[in-house]
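Student: Right, I'll just put the structure down here and ask away after.
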Amino acid sequence: MVDSAAEVKKKLINEFEVSTGLVFPTSVRMSLLTLNYKKLGQELSSMNKIIILKEK
């Protein structure tokens, strides 16, 4: 069971960092945490697409 939306967002960010090998600076992480859940997902998805395109 999830205790809070903040915990879910932190988990999403952590999973993104692990899967991409990136580590966000604290300031970026804090900015991402201010986004609502849907917007956070959109931002992480966009970043992931950019990473994939640059790897090709």
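The values are calculated or read from the model by the stated rules, or taken from the named source; none is laboratory data. Predicted, not measured: the structure shown is a model, and the values here were computed from it. The protein model used for the area step is the full one, side chains on, heavy atoms only, and it has no ligands, DNA or RNA in it. Shrake-Rupley method; radii C 1.70, N 1.55, O 1.52, S 1.80 Å.
Student: On the protein heavy atoms, probe 1.4 angstrom, tell me the percent of accessible surface of the chain carried by carbon and sulfur.
Tutor: Numbers: 2610 of 4360 Å².
Reported share for carbon and sulfur atoms: 60 percent.
Student: Express in Å², to the nearest 10, the accessible area of L44 obtained by rolling a 1.4 Å probe over the protein heavy atoms while all chains stay in place.
Tutor: Around 10 Å² of this residue is reachable by solvent.
Student: With the other protein chains left in place, how much accessible area per residue, in square angstrom, belongs to the chain at a 1.4 angstrom probe?
Tutor: 78 Å²
Student: Looking at [x] 11.6, 39; [y] 12.2, 41; [z] 13.0, 33, which value of Rg and Dmax of the Cα atoms in Å comes from a calculation on the structure shown?
Tutor: Recomputing Rg and Dmax of the Cα atoms in Å here gives the entry labelled [x].
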